[in-house]
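Some notes on the structure that comes next.
The values are calculated or read from the model by the stated rules, or taken from the named source; none is laboratory data. Just so we're clear, the structure is a prediction, and the values are computed from it rather than from any experiment. Backbone-built Cβ (ideal geometry, glycine too); neighbour counts: all protein chains shown. Protein only, heavy atoms only, side chains kept; ligands, DNA and RNA dropped before computing areas. Shrake-Rupley method; radii C 1.70, N 1.55, O 1.52, S 1.80 Å.
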Amino acid sequence: MPVLGRNVPHDSARGHVTGESLYVDDIAPVAGELLVDFLWSPFAHARIRSLDLTKARAADGVAGLFTFRDLHHNLFGPILKDEILLAEDVCTFRGQPIVVIAAENARAIREAKNAIAIDLEELAPILTIDAAIAASSFFPDPRMIRRGDPAAAIARAEHVLEGVFENQGQDHFYLESQAAIAYPGELGALTVHSSTQNPTEVQEVIAHLLGLTMSQVVVLTKRMGGAFGGKECQATHPAVMASLVAQKTGRAARIVYSKDDDMHATGKRHPFQNRYRIGFTRSGEITGAIFELYSDGGAYADLSPAVMARAMTHSDNAYFLSDVEIRGTVCRTNMPPNTAFRGFGGPQGACTIENVMQEIASVLKRDALEVRRANCYQIATRNVTPYGQLLERNTLPRLFTELPARCDYAKRMDGVREFNATSKTHIRGLALTAVKFGISFNTKFLNQANALVNIYLDGSVQVSTGATEMGQGVNTKIRQLVADELGILIDRVHVMITSTEKNNNTSATAASSAADLNGGAAVDACARLRERMTPVARNILSVAAGAPPAAETPQKSEIVFADGFVFDQANPAKKLKFEEVVSAAYKLRVSLGERGFYATPRIDWNWTTGGHPFLYFTMGTACSEVRIDRFTGEMKVLRSDLLMDIGRSINPGVDRGQITGAFIQGMGWLTTEDLRYTESGELLAHSPTTYKIPNINDVPEIFNVDWIEHDNPVNVYGSKAVGEPPLLMAISVWCAVKHALSFVSNGDIPKLRVPATTEEILMRITQYARGEAQLTS
């Protein structure tokens, strides 16, 4: 039976339930292993006036204290080489490491921290986007995408809308905190187990900062207990600190952040402040649009320029903009460097224009779904993005037609209006939004992968790729692809631990592309192996049939690999076991190992000329209905219906889990996850007691998830990526809250920030009840 398109269980499902799945801190300590921690800056901006480690070094159980002077280099970064690992003269964010501490036990680490004598002079910090704009504190090279003459189009428009969309950040809140173990080896080599999405980057940064070659460092990642982008770049920091200790002491070194320290010291989803000016017709069609995007990049660039690029290329979302200008500027602040997070800027861009759709509907007193349909990308016309990419295989019109019918949108909207006209205690809202999410890294050279496939004499197969497993099921999908390509049972395929020793120069498991890239490379390796094994099988089958050797006869029929057997399509009754062909190939000295390679085709763009940055788009629509208590602001999601185009699903069960999980995580960003800081930049919400991620009670009472059948011929098996796009469909929940508020906003456009917490909603309701002036959105 075909293995693709089936609900094959996640390869770690049983291990997760039984507790057998190993994470970094589950690896048993070795003799002499040290614990590693660090002293970090308690201020967002401070000058180090003095640092005395004498007393701390003498503390019982302390094996070493290390500062920037112990590093070979102290400057790195994935895009701009601007980041300092260990503070030198000035601390630029609260949580920045200053001293690395190595000790025999946790008690000794605590004593060392207390014994370090440090004198810090607190400096004035920049903590917000507004403060950064006022101080002109920006990272280099603001970007722009432009088509047509939006200013002139807005000047001619029948209606003009202006506003500001603001969103806070979001903590990744992975269950496994940042963690690494470093083992010293011969000739200065290091072997590092890291909870990372990007083993190659960890390898590169360790080598650079410690003065080693990359070939001296091997990084391994078995799995992560969640990551969501937070371990794409920022896993380098703990890995380097553990490796520094291992290099200096010659002993294994382990570092595992506490949840509190992790939330204090690591970056988050980027806060954005997006300003917009929109011209539109009386029917709601946008004729001109100007967006000015500002993000909070934090103290160092990290991935902020790339996040801004994706936010800009998703500011159109599902809607055609004929005359448009999109500007993007990354602000430098004294916050921890913000970083990748599921969606990677896409949610901030898409939420802005979905907010615009709701506001146009408020101005025109029309149903927002009518406005969205009036602006939706079409098939034959109105099908080119602002950056010049033709929207191929566009299913948005179909999705905008099918979902309203499936979820009974029109009838339910009438019900919402009737309810709000009669209820004195609650209000309801209903919104249907869309997503068009580009799949590929914005940076062209990252769109490549390699895979190593080894067939053993018993017919079993090992697969090694650069993909890292963080719960999303990429290894399960790769197993399915390999089993299908070689025609063997899936239990004969084993995906190995990700290692820079087997797979070199790999890209991060990110951009929703891991299965596309690494699955493509694995399929390439299998195709090469099958090509070499086919003549072997043909000869055996020809001899068994009493025919001359295959080399002497025309090769008219196809040799088929399926269900663990190999046979001639013209004579399927005669079958060879897969392992029989393997054994014969080995005896004929045919190589049974192969390295495959995949480079994403048809992608190319730049900021000047635009182009084709994405191989394809994953699309979807979502409809959500909410109920809000007028007196407390408490919001409940009554129902959500999701309909997506995910191509041909490699594993429907895994894809369904990704869709539902991403949607709920998006709900958290948009409604409950409130990062609160003091005026000096200290994070107050740094544990499960003060930071509210969604729980089971937050899941919609009615939750329907489905997808349409639609082949995607440009990708492996006709599939589409599903890791990030469904998160953006949670915008329907936020828009439903905004819609509900329109019934109490006294005819004004309701304004709403992200997240729309209970407090935020109650503040708006109270403001409208008092007839107070509008706050910004």
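Counting only residues that are in contact (Cβ under 8 Å) with a residue 12 or more places away in the chain and either more than 17 Å from the chain's Cα centre (by Cα) or more than 18 Å from MET224 (Cα to Cα) (or both), the stretch 487-514 holds 18 of them. Scanning the stretch 10-34 for residues that are open to solvent by 60 Å² or more (accessible area, probe 1.4 Å) and among the aliphatic types (A, V, I, L, M) yields VAL17, LEU22, ALA28, VAL30, ALA31. The set of residues in the stretch 612-633 being surrounded by fewer than 24 Cβ atoms within 10 Å (Cβ to Cβ), touching a strand residue (DSSP E or B) at 6+ places or on another chain (Cβ under 8 Å) and more than 30 Å from LEU517 (Cα to Cα) consists of ARG627, ASP629, ARG630. Given the options LEU187, LEU175, name the one that is more than 11 Å from LYS231 (Cα to Cα), open to solvent by 10 Å² or more (accessible area, probe 1.4 Å), more than 21 Å from the chain's Cα centre (by Cα) and not acidic (Asp, Glu). After applying the criteria, what remains is LEU187. Of the residues GLY415, GLY388, GLY459, the single one that is over 27 Å from the mean Cα position of the chain (by Cα), of a type in the set (Gly, Ala, Ser) and part of a loop (DSSP other than H, G, I, E, B) is GLY459.
Output the residue which, of all residues in the stretch 486-534 that are open to solvent by 20 Å² or more (accessible area, probe 1.4 Å) and touching an Asp or Glu at 6+ places or on another chain (Cβ under 6 Å), is farthest from ILE646 (Cα to Cα). Here the residue is ARG528. Residue check: GLN197 meets all listed conditions (1) open to solvent by 10 Å² or more (accessible area, probe 1.4 Å); (2) of a type outside the set (Gly, Ala, Ser); (3) touching an Asp or Glu at 6+ places or on another chain (Cβ under 8 Å) but one, namely (1). ILE84 meets all of the listed conditions (1) buried (at least 21 other Cβ atoms within 10 Å of the Cβ); (2) within 17 Å of LEU210 (Cα to Cα); (3) β-branched (Val, Ile, Thr) but one, namely (1).
Of the candidates GLY459, GLY438, the single residue that is outside the structural domain of SER195 (by TED's automatic domain parsing) and under 26 Å from ASN394 (Cβ atoms) is GLY438. Screening LYS113 against (1) over 34 Å from the mean Cα position of the chain (by Cα); (2) farther than 30 Å from GLY284 by Cβ; (3) among the basic types (Lys, Arg); (4) open to solvent by 70 Å² or more (accessible area, probe 1.4 Å) leaves a single unmet condition, (4).
Cβ-Cβ distances below 7 Å connect the following pairs, each with a first residue in the stretch 714-731 that is over 20 Å from THR468 (Cα atoms), a second residue that is open to solvent by 10 Å² or more (accessible area, probe 1.4 Å) and at pLDDT below 95, and a separation of six or more residues or different chains: GLY718/ASP711. Note on the stretch 643-666: residues that are part of a strand (DSSP E or B) and under 20 Å from the mean Cα position of the chain (by Cα) total 3.
In the stretch 567-611, of all residues being in contact with a Phe, Trp or Tyr (Cβ under 7 Å, 6 or more places away or on another chain), part of a strand (DSSP E or B) and within 26 Å of ASN518 (Cα to Cα), the one that is modelled with the highest pLDDT corresponds to GLY611. Residues that are open to solvent by 10 Å² or more (accessible area, probe 1.4 Å) and assigned by TED's automatic domain parsing to the domain that holds CYS623 number at least 2 in the following helices (runs of 4 or more DSSP H) confined to the stretch 667-777: 758-770. Tally the residues that are within 21 Å of GLU325 (Cβ to Cβ) and part of a loop (DSSP other than H, G, I, E, B), restricting the search to the stretch 365-385. Residues meeting the conditions: 4. Remark: pairs (first residue in the stretch 225-240, under 9 Å from TYR174 (Cα atoms); second residue among the β-branched types (Val, Ile, Thr); Cβ separation under 7 Å; 6+ apart in sequence or on different chains) = GLY230/THR266; GLY230/THR339.
In the set (1) farther than 30 Å from LYS81 by Cβ; (2) within 21 Å of the chain's Cα centre (by Cα); (3) assigned to a helix (DSSP H, G or I), the condition left unmet by SER362 is number (2).
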